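No lab work stands behind these numbers, since they all come straight from the coordinates. Just so you know, these numbers come straight off a predicted model, no measurement behind them. We place every Cβ from the backbone using ideal geometry, glycine too, and count neighbours over all the protein chains shown.
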Amino acid sequence: MTLPVQRTAFIRKYNPEHDLQAVIRVFRETCDESLKIEPIWTLGYYIWCRPYLLLSPESCFVVDDGKGEAVGYIIGAPNSGAFCERWQEEYVPYILPELEHLPPGPGRGDEASLDIAYRTNSLGISIRSNPRKLVLGDYPDDLQNLGHLHIDLLPSHQRQGLGKHLISAFTSAVKAQGCTGLFLGMAAANHGAAKFYESCAFKRLPKVLDDGKSGELGRTAKNEDGGGTIYYVIGL
């Protein structure tokens, strides 16, 4: 009798020749629900995933399911200000042709469709001309000298310790590149993510960001859904 071979998931460097489509799938499956409609879905990938794979591949790691398929990733950059400069100089010329051929939106003419059209236009403008806003938000003075990251895992591979291994691999890589600290922004309502980052030694940005309305460190003003963004930082 032949027993099935058990394959254990592990962390490895991102391989652009093999992993791109799998990373796109992970992004599309794990991104916020508000992004899951075209062309916002594709623009979200152009903002929060593709530039890192192109400009900072040495800082990109994936979770390999043990059979060669990427089922999670961590991407980012060791210096956010320098990354924004490269975005403008290198990424914009690269992505401009793609922005001219986005997937069509719903096009129904109702309020929801008009909102999608507005968001599409706004995100497209930011990709072309304002990467600092996309990366650093309203706090460039606090964040531009830090590195930053994005991490996503398919549900099938969450709660197995793989997220912490991704964080460890990424922090070691960017520290070797001279990074002295990292930041990330997350939806304030995502309490599970907050617990995860705090378990990895991230702390809230030590600054009240909403003019004292909440009194909470690291939290921006509440948005329409009442949440806002919480910024976390860690020293390396």
> Where does each of Ser34, Ser56 land when they are ranked from fewest to most other beta-carbon atoms within 10 angstrom?
Replying inline: Ser34, Ser56
>> Can you list the DSSP H helices in the chain whose Cα atoms extend at least 18 Å along the helix axis and whose mean Kyte-Doolittle hydropathy is -1.0 or higher?
In response: 16-30, 111-129, 162-176
>> If each DSSP helix of 4+ residues adds -39,500 (n - 2.57) and the sum is divided by the residues in the chain, what number results at 222 nm, nearest 500 deg cm²/dmol?
In response: -12000 deg cm²/dmol
> Taking region 29-100, which GluC sites (Glu not before Pro) meet the DSSP loop condition and have no more than 12 other C-beta atoms within 10 Å?
Replying inline: Glu100
>> Students often forget the sequence filter, so: which aspartates and glutamates lie under 15 Å Cα-Cα from Lys203 once same-chain residues fewer than 8 apart are removed?
In response: Asp142, Glu216
> Please state the relative contact order of region 17-179 as a whole percent: Cα pairs under 8 Å, 6+ residues apart?
Replying inline: 34 percent
>> Quick check on region 122-236: take the gyration tensor over C-alpha atoms, sort the square-rooted eigenvalues as a ≥ b ≥ c, and tell me if it's rounded (a/c under 1.5), prolate or oblate.
In response: rounded
> What nm value, rounded to one decimal, do you get for the distance between Leu54 and Glu85 when each label is placed 7 Å out toward the C-beta?
Replying inline: 1.9 nm
